[in-house]
Amino acid sequence: TDAKIQGMKPPPSGQVEISDGKVPGLRIRIGTSGAKTFIVRKRIGERIRNITVGRYGPRFGLADARTKARTILNDIEAGKDPTTTLVTPRRGGKGAGTVRSLWPAYRAAKGGLRSIGEVERIFDKYVLPAIGDRMADAITRGDVTRLVDDIAADAPVMARAVHAQLSAFYNWAMPRLDRLPSNPCRDAGRPDKPKSRDRVLSEAELRSLWQVAEGEYAPWGSMLKLLMLTGARRAEVLEAEWAEFDLEARMWTIPAARAKNGLPHMIPLAPDAVAIVKAVAKVDNSAKLFPATGNPDNAASGISKAVKRIRKSLSEKMEADVPDWTLHDIRRTFATNMQRLGVRLEVTEAVLNHIAGSRAGIVGVYQRHDFAEEKRHALTTWATELARIVKGKRSGNVVALRAGR
């Protein structure tokens, strides 16, 4: 355990090694200097090799060592010699031949894709942390299946997206990998295509969800409220940065690199949304609106646990079993209510940053109006309506009139 490692004392002479109970061959070694180093001891060919995994410290703990050790052992089982890469790298420098080392060239080759922002997000969040340090030609269909299955446990739609992007990567990489017989994604498992969802939260559910949000600790309560007020995607809210907000102008600009369709997206903020952002406590040295605890450079983590807790709280608040819902259903509820309030379809799609539907094809080429005024009026109208719902007042004859120029 980490506690045991931290308590290890330097020997008076020589070295001491302790074997890990979970990953065969993984050991930690401590010498007279007190330095603690993880190694993997494994037979490669005719020799027993000691392969250095990393130095124990605040940025490299036991969990990190186990992950990297498993990667080394998987490559050995696939017939690779990790010591070749670690000691005398292949042409191209240290780590050449890994998924991570190929990623920059793939990113450059696909830079013209409209969806390149989403490709980057998938690789940065799912692919590179899991298999980035593996040799690209050692990845098997079983490795891909396990990666996709792990993601599918919480997000089956994203699991399919990861499978598709990783398959596209290997289609590009195949001519560059002499030893790889076929695309490992081709016969790998992936979840079935989910049925189209049509879940829309009722007014009672929206009211109770807002009340649940008010009782949630940071960042989840503020995140929920912003989802309801703006109709933005979950990732757009969770990964938002302070620099994206101009609170005096009441504008949130999501840069192209973070937008799903690769286009910058401007969201006019209603006064209620501005108040929520202003109330968020800033964390020193963090650009993130909702930074991760202990790692301010990253966005908040733990969304799956938070959603499970919020679902339970919503059922308790309503004193009934609430039908299954997801965070994306809030976005659908937002869009549905926009139409109910009489907001024009093309304005709703502009608020959602959709380029399909009324903005697709030849219309999208020649229709360059940004609907800035209409979007602000629509979002302000919805904020007023949401406030009515939260207060439990009866619906009147609501008509969404265009704001005066």
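The values are calculated or read from the model by the stated rules, or taken from the named source; none is laboratory data. Computed from a predicted structure; not experimentally measured. So basically every Cβ, Gly included, is an ideal-geometry build from the backbone, and we count neighbours across all protein chains shown. Surface accessibility is based on the protein's heavy atoms, side chains included, excluding ligands, DNA and RNA. Shrake-Rupley method; radii C 1.70, N 1.55, O 1.52, S 1.80 Å.
Loop-resident trypsin sites (Lys or Arg not before Pro) (DSSP state other than H, G, I, E or B) in the range 180-258 with no more than 14 further Cβ atoms inside 10 Å of their Cβ: Arg186, Lys195, Arg197, Arg199.
Ratio of Rg to Rh for the range 98-152: 0.98 [Cα atoms; Kirkwood radius as inverse mean 1/r over pairs].
Here the relative contact order of the range 284-360, from alpha carbon pairs under 8 Å that lie six or more residues apart, stands at 12 percent. For the range 3-61, evaluate the Debye formula with one uniform point scatterer on each Cα (no solvent term) and list log10 I(q)/I(0) at q = 0.13, 0.28, 0.30 Å⁻¹, rounded to two decimals. Results for the range 3-61 at q = 0.13, 0.28, 0.30 Å⁻¹ read -0.35, -1.24, -1.32.
Amide H to amide H, with H built 1.01 Å from N, Ala292 comes under 5 Å of Asn298, Ala299, Ala300, counting only residues 5 or more places away or on other chains. Can you bin the range 235-291 into rounded, prolate or oblate? Criterion: square roots of the alpha carbon gyration tensor eigenvalues sorted a ≥ b ≥ c, rounded for a/c under 1.5, prolate for a/b above b/c, oblate for the rest. Because a/c hits 1.5 or more and a/b fails to exceed b/c, the range 235-291 counts as oblate. Applying a DSSP loop filter and a limit of 11 other Cβ atoms within 10 Å to the GluC sites (Glu not before Pro) in the range 3-81 leaves Glu46. The translational diffusion coefficient of the range 219-368, from Stokes-Einstein at 25 °C and 0.890 mPa s with a Kirkwood hydrodynamic radius over alpha carbon pairs, comes to 146 µm²/s. Taking 0.890 mPa s as the viscosity and 25 °C as the temperature, the Stokes-Einstein diffusion coefficient of the range 170-235 based on its alpha-carbon Kirkwood radius rounds to 151 µm²/s. Taking all protein chains into account, the per residue accessible area for the chain stands at 54 Å² (1.4 Å probe).
Considering only alpha-carbon pairs that sit under 8 angstrom and 6 or more positions apart, the relative contact order computed for the chain is 11 percent. The listed peptides 289-295, 375-381, ordered by packing as a protection proxy, come out as 375-381, 289-295 (highest mean of other Cβ atoms within 10 Å first).
Around the amide H of Met135, modelled in the peptide plane, lies no amide H under 5 Å away from a residue 5 or more places distant or on another chain. Computed over all pairs of different Cα atoms, the Kirkwood value for the hydrodynamic radius of the range 178-293 is 16.8 Å. Pairs from the list Lys305/Lys393; Lys278/Lys312; Lys225/Lys278 with a Cα-Cα gap above 21 Å: Lys305/Lys393; Lys278/Lys312. Model label points for Ser115 and Ala292, set 7 angstrom from Cα along the Cα-to-Cβ axis, are 2.5 nm apart.
Mind sorting out which of (i) 26.3; (ii) 21.3; (iii) 25.3 is the real mean projected area of the Cα convex hull in nm² computed from the coordinates? Matching entry in (i) 26.3; (ii) 21.3; (iii) 25.3: (iii).
Placing +1 on the Cβ of every Lys and Arg and -1 on the Cβ of every Asp and Glu, with no other charges, gives the chain a dipole of roughly 760 debye about its Cα centre. Nonpolar atom fraction for the chain, defined as the carbon and sulfur part of the 1.4 Å probe accessible area, stands at 51 percent. With each run of n ≥ 4 DSSP H residues scored as -39500 (n - 2.57), what mean residue ellipticity at 222 nm is computed for the chain after dividing by its residue count and rounding to the nearest 500 deg cm²/dmol? The per-residue figure over the chain is -13500 deg cm²/dmol. Taking 0.890 mPa s as the viscosity and 25 °C as the temperature, the Stokes-Einstein diffusion coefficient of the range 124-191 based on its alpha-carbon Kirkwood radius rounds to 206 µm²/s.
Which residue, chosen from Leu226, Ile139, Leu128, occupies the Cα position most advanced towards the positive end of the dipole of the chain, where the dipole is computed from +1 (Lys, Arg) and -1 (Asp, Glu) charges on Cβ about the Cα centre? The residue sitting most towards the positive pole is Ile139. Site pair Asp187 and Ala243 shows an inter-label distance of 4.7 nm when each label is modelled 7 Å from Cα along Cα→Cβ.
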